[in-house]
Amino acid sequence: MAAEPLLRVRNLKKYFPIRGGLLSREVARVHAVDDVSFDILPGETLGLVGESGCGKSTTGRSILRLIEPTSGEVFFQAKNVTTLDKRSLRALRKEMQIIFQDPYASLNPRMTVGSIIGEALVIHKLAKGRRAREERVVQLLETVGLSADHLRRYPHEFSGGQRQRIGIARALAVSPKLIVADEPVSALDVSIQAQIINLLEQLQAQFGLTYLFIAHDLSVVEHISTRVAVMYLGKIVEIAPAKELYTNPKHPYTEALLSAVPIPDPTIKRKRIILEGDVPSPINPPSGCRFHTRCSLRVPSCSQNDQVLKEISPGHWVACQVRTGVATA
């Protein structure tokens, strides 16, 4: 029997208003996230990929209500996150945490590492007294590969990889079930990226964590993800098990992304797909399929009909009328 999803996202939208004129009236909207739906099962990692500006980070932050969604629903263990009041939301934050992209900007430079990690323990009343709190912080530091000596140091005394480990320890402090990893390795050196990815996998196995892993590097996502969702201009265009997506991509945009991933073996030849034109503006996105302005497979109906995810094989969903056989000339 299939497990119940830990997280269910339904028709999530986030529009940012653009204001102008003397009265600062709304003159346009940025369609950052536009009708996104997906599930995440307990213990799995859903990779969310796409080029910069497609709405990945906005999706993750809207789920946690770090920014308020325009519309849609987010269910975490059957609780509707979008309708919770501030007090209920704060209590639920113990179950859902985030690892930020920039380890240099996400840590308060005026606080020691012990205070940064221990702050959540104070807010959620998870440690009685200073000594118990420090013991818990030392335990968390050792869990992420740091030592007790780092407790009283400040963020500027650490490297980028060490700072990201501190960010991971902070997220783990409240024993969450879901962690949104918002491009956690994109600001790090390649050698350090592998260490952080391996650490996240170890922590997942140790604590039974569930990840929404946001990234633009497809090779990183392939290594850590159970399933992968591909996003383009605010919409999800394909969702599939990781192995299936990388070996048998169906959406033309997914094919183009994968063709750009470097292959270390020079004997393997791969056809490079060069997309025509530029990414349209999210202020005025194209009608119908968002990708039709750059797609080599487009037919006239692509510009008229909205893209809808359809299941073409078990667990493999594609939003392409041509590939799912429903396009009309």
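Each value in this text was obtained by applying a stated rule to the coordinates, not by laboratory testing. What you see is a predicted model; the values in this text were computed from it and never measured. With ideal geometry, Cβ positions are generated from the backbone for all residues, glycine too; neighbour counts draw on all protein chains shown.
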Given the candidates Leu12, Ile123, Val81, the one whose Cα lies deepest towards the positive end of the charge dipole of the range 2-140, counting +1 at each Lys or Arg C-beta and -1 at each Asp or Glu C-beta, is Ile123
Treating the beta-carbon of each Lys and Arg as +1 and of each Asp and Glu as -1, no other charges, what is the dipole magnitude of the chain about its Cα centre, to the nearest 20 debye? 920 debye
Simple spin-label estimate for Lys271/Glu255, 7 Å along Cα→Cβ, in nm, reads 0.7 nm
With the charge dipole of the chain built from beta-carbon charges (+1 for Lys and Arg, -1 for Asp and Glu) about the Cα centre, the Cα from Thr247, Val137, Ser296 projecting farthest to the positive end belongs to Val137
Where nothing but the Cβ of Lys and Arg (+1) and of Asp and Glu (-1) is charged, how large is the charge dipole of the range 33-152 around its Cα centre, in debye to the nearest 20? 900 debye
Simple Cβ-charge dipole of the range 193-261, Lys/Arg +1 and Asp/Glu -1, about Cα centre, in debye nearest 20: 140 debye
With a cut-off of 8 Å between alpha carbons and a minimum separation of six or more residues, what is the relative contact order of the chain in percent? 19 percent
With the contact rule set at Cα under 8 Å and sequence spacing of 6 or more, what percent relative contact order holds for the range 288-329? 38 percent
Among beta bridges assigned by DSSP with both residues in the chain, the antiparallel ones amount in percent, to the nearest 5, to 60 percent
Provide the net charge surrounding Leu172, with neighbours chosen by a C-beta distance below 13 Å and charges set as Lys +1, Arg +1, Asp -1, Glu -1. +3
Which one of Pro69, Cys54, Val36 has its Cα pushed farthest toward the positive end of the charge dipole of the range 31-80, where Lys and Arg give +1 and Asp and Glu give -1 at the Cβ? Pro69
Calculate the spin-label point distance for Asp39 paired with Lys13, positioning each point 7 Å from the Cα along the beta-carbon direction, and give it in nanometres. 2.4 nm
Helix-only CD estimate at 222 nm, as mean residue ellipticity for the chain, using -39500 (n - 2.57) per DSSP H run (n ≥ 4): -8500 deg cm²/dmol
Fewest to most neighbouring Cβ within 10 Å: what's the order for Leu245, Leu257? Leu257, Leu245
In the range 236-329, the trypsin sites (Lys or Arg not before Pro) that sit in a DSSP loop and have at most 13 other Cβ atoms within 10 Å of their own Cβ are Lys269, Arg270, Lys271, Arg272
Taking every other residue with Cβ under 14 Å from the Cβ of His223 and scoring Lys and Arg +1, Asp and Glu -1, one gets -1
Kindly work out what percent of the DSSP beta bridges joining two residues of the range 132-288 are antiparallel, to the nearest 5. 55 percent
